[in-house]
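For reference, the structure discussed in these notes is given below.
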Amino acid sequence: MTEKESSKIIIPPQGSVIRDVLMRIKLILKLMGDSRVNLLLKVLPLASVAYLIWPFDLAPGVVLPVIGALDDVAILWLGPYLFLELVSPDLIQEHMNKLSSNLQSIENDDVVEGESTEVKED
């Protein structure tokens, strides 16, 4: 892959922020189930979620409550981000193509054929 191709956005924006986050979560779940992804890389998203529920914090919220919450958010963002950065771009693109094709087939089925009749009440 050339440098120009690797600098392209692999996960294209689909519209809303919520939709993009859900697409990213689906991508991570698909990659976690793929046997071609290194087992050590799969630890990154799992460790970030485990840190969120772990009772100990790196920066306790007692001293500075804002920093206590920010470290949780930072680690929850950093784990999946590093995971997607370290997985092969070709593998990510393969899964994104599958997810996008599923999404497009759902969006194309929005039109429903049917008939309507007007009912008048007396």
Report relative contact order for region 15-99 in percent, whole number only (criteria: Cα-Cα under 8 Å, sequence separation at least 6).
37 percent
Using the Karplus curve 6.51 cos²θ - 1.76 cosθ + 1.60 with θ = phi - 60°, what ³J(HN,Hα) values do you get for each residue of region 26-39, in whole Hz, with x for Gly and Pro?
4, 4, 4, 5, 5, 5, 5, x, 7, 6, 7, 8, 4, 4
Pop the C-beta distance of residue 40 and residue 94 into the FRET formula with R0 = 22 Å and round what comes out to the nearest 0.05.
0.60
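Need the full-extension length gain, residue 21 to residue 115, defined as separation in residues times 0.36 nm minus the C-alpha distance. One decimal, nm. Don't skip to the end; give the middle numbers.
Values: separation 94, 0.36 × 94 = 33.84 nm, distance 3.77 nm.
So the chain would gain 30.1 nm between residue 21 and residue 115.
Just so you know, all these numbers are worked out from the coordinates, no wet-lab data involved. It should be emphasised that the depicted structure is a prediction, and the values quoted were computed from it without experimental measurement. Note: ideal-geometry Cβ built from the backbone for every residue, glycine included; neighbour counts use all protein chains shown.
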